Amino acid sequence: MIDADLLWFDPALCLIDGSFQSAADGQTLPLVNPSDGTALCQIARGTATDIDAAVDAARIALDGPWGAMTATDRGRLLTRMGALVLDRCDALARLEAMDVGKPLTQARADVVALARYLEFYGGAADKLHGETIPYQAGYTVYSLREPHGVTGHIVPWNYPMQIIGRSVGAALAMGNACVLKPAEEACLTALAFANIAVEAGLPAGALNVVPGIGAEAGAALAGHPGVDHISFTGSVATGALVQQAAGRNVVPVTLELGGKSPQIVFDDADVTAALPFLVNAGIQNAGQTCSAASRILVQRGVYNEVRDAMSAAYRELSVGPALSDLRLGPLISLRQKAIVEGYLAKGRDLTIAAEGYLAEDAPNTGAYVRPTLFADVAPDHPLAQEEIFGPVQVLILFDSEEEAVTIANGTDYGLVAGLWTRDGARQMRLAKRLHAGQVFLNNYGAGGGVELPFGGIGKSGHGREKGFEALYGFSQLKTVAAYHG
Ligand code: NAD
């Protein structure tokens, strides 16, 4: 159960048309605390009926006060929502920690990131302009940036606040009316966000939040003929279903899917500077991060040094309940734990360089997995190819720059890549050659900056969120050609 002072809202309700209401058929679902397996609370189990109502409300909002609002006023509203998020920082962080299982420090960072997205997109709302286009004599031609209309947002459980901030924040900034379907495993902060939006004064229907099961509420949203754009973050398999469903309505889709991202360490790298990034990018959020650096490619000259330093760091990694705020919390669920353990079993014949340890207060009913570092892994091994979504990293040895590029680009994914080298020419060469939506030189993640466009190629998806770029994705361009002689 959750302390009453943390739940200032009723988590069992959807937000539709500005009012909090039960799912139409009154069904609910339990949320489970992955730190100990206990029930947290009930959430609404929305269905196609609720999605219909949410899409209708969003459509009406576009023709009402929300659609009529100036970009500046939309920006002010988003900024106000960001301030309210920060006011509730402690409660939101605790809710996220209990719901997702992430350590409190990470949960707090996610709250700050959500606020930052709302501030950033609040500030940007009135700064995206159309253009005038030089054309034939007698014409004046210009372009208008307009919202798509109703945008659907299907988000996963691993970073609910950050993903809501980057997708719903940008969509609202451009004047879309949103229908958000949070993940059934973790959606407390999505529901808190709905309450904050209403408290901030967001007009009815501009944001609708319908929790529910993916195959029910999610599928209904993805295939809804009244939706004009879909933003999806989650697995490749579900992303493909969402794209098919949206394709039947011929609406654009942004897919943020998984990854098998590499960090590449060359002989000339500053290994001491690299070490915390190499480890943290694998174990942050217990490895349940789409941009996790699950492959560490190391050149022969520093291979032993990197392996030994990472191993020493791994032996210090503590795992325990989210509210104990250790380096790792549990995985999201026992189901996810079984998936990760399946991969650990596939690594049975590999060399385990080091593992972390379970804290004494980690209940055996929690979804805990010890972080595991494998050494000397072949690039084509399943552990080096498939997204595990758990705290598992593999060390891969290489000799030449060419070999490093081949291995780095040798998966179905292309989300993020990190490069550790002091050679400036190599940095420039490889930044171009690596298949990834983001390349980090002598760092990894750059602190997660909301300003930095993010998204993948290949099975990592398509479209870009975050930064100013997202505003183009959540809007469309209209060309106006006036003939005046
Ligand atoms: P998922 O893709 O099934 O779920 C993501 C979201 O999609 C959830 O809101 C879910 O309710 C919804 N959904 C599920 N089925 C749907 C459908 N048919 N139509 C529309 N929406 C639907 O992800 P999951 O099952 O939670 O996790 C499975 C794997 O996905 C993980 O092991 C991991 O590899 C990957 N994953 C990736 C990310 C990421 O950020 N890239 C996030 C979460 C999960």
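The values are calculated or read from the model by the stated rules, or taken from the named source; none is laboratory data. Remember, predicted model here, so these are calculated numbers, not experimental data. Cβ: placed from backbone, ideal geometry, glycine included. Neighbour counts: every protein chain shown. Each accessible area value is taken on the protein alone, full model and side chains, heavy atoms only, with ligands, DNA and RNA left out. Shrake-Rupley method; radii C 1.70, N 1.55, O 1.52, S 1.80 Å.
General observations
- Residue in segment 172-182 that is nearest to the ligand (Cβ to nearest atom), counting only those that are in a strand (DSSP E or B) and not charged (D, E, K, R): Leu180
Yes or no, residue by residue, for (1) outside any helix (DSSP H, G or I); (2) of a type in the set (Asp, Glu); (3) within 16 Å of the chain's Cα centre (by Cα):
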residue: Thr406; (1), (2), (3): no, no, no
residue: Thr411; (1), (2), (3): yes, no, no
residue: Lys432; (1), (2), (3): no, no, no
residue: Ala470; (1), (2), (3): no, no, yes
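- Residues that are in contact (Cβ under 8 Å) with a residue 40 or more places away in the chain number at least 3 in the following strands (runs of 3 or more DSSP E) confined to segment 12-94: 14-16, 28-32, 39-44.
- The residues listed here are Gly467, Gly456, Gly410, Gly485; of these, the one that is surrounded by fewer than 23 Cβ atoms within 10 Å (Cβ to Cβ) and under 26 Å from Leu128 (Cβ atoms) is Gly467.
Every residue, every condition in (1) in contact with a strand residue (DSSP E or B) (Cβ under 6 Å, 6 or more places away or on another chain); (2) over 30 Å from Ala359 (Cβ atoms); (3) surrounded by fewer than 22 Cβ atoms within 10 Å (Cβ to Cβ), yes or no:
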site	(1), (2), (3)
Cys41	yes, no, yes
Arg45	yes, yes, no
Ala61	yes, yes, no
Asp87	no, yes, yes
Val100	no, no, no
Leu104	no, no, yes
Ala107	no, no, no
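- On inspection, Glu360 passes the criterion of being away from the ligand (no atom under 16 Å from the Cβ) and over 17 Å from Lys102 (Cβ atoms).
- Restricting attention to segment 254-267 and to residues that are among the hydrophobic types (A, V, I, L, M, F, W, C) and over 18 Å from Ala215 (Cα atoms), the residue that is surrounded by the fewest Cβ atoms within 10 Å (Cβ to Cβ) turns out to be Phe266.
- Being in contact (Cβ under 8 Å) with a residue 40 or more places away in the chain, more than 14 Å from the ligand (Cβ to nearest atom) and open to solvent by 10 Å² or more (accessible area, probe 1.4 Å) is a property that Phe277 has.
- If only residues of segment 241-274 that are assigned to a loop (DSSP other than H, G, I, E, B) and more than 15 Å from the ligand (Cβ to nearest atom) are counted, the one that is nearest to the chain's Cα centre (by Cα) is Pro252.
- Matching residues, segment 335-360, being of a type in the set (A, V, I, L, M, F, W, C) and within 21 Å of the chain's Cα centre (by Cα): Ile339, Val340
- Some residue of segment 162-171 being more than 13 Å from the ligand (Cβ to nearest atom), assigned to a helix (DSSP H, G or I) and of a type in the set (Ser, Thr, Tyr): no
- Residues within segment 183-240 that are more than 21 Å from Asn285 (Cα to Cα), open to solvent by 20 Å² or more (accessible area, probe 1.4 Å), in a loop (DSSP other than H, G, I, E, B) and within 10 Å of the ligand (Cβ to nearest atom), tallied: 2
- Among the conditions (1) surrounded by 19 or more Cβ atoms within 10 Å (Cβ to Cβ); (2) over 15 Å from Val209 (Cα atoms), Ala83 misses just one, which is (1).
- Residue that is surrounded by 20 or more Cβ atoms within 10 Å (Cβ to Cβ) and either out of contact with any Leu (no Cβ under 9 Å at 6 or more places or on another chain) or not hydroxyl-bearing (Ser, Thr, Tyr) (or both), where the choices are Ala312, Ala345, Ala322, Ala338: Ala322
- Filter pass, Val369 being in a loop (DSSP other than H, G, I, E, B) and β-branched (Val, Ile, Thr): yes
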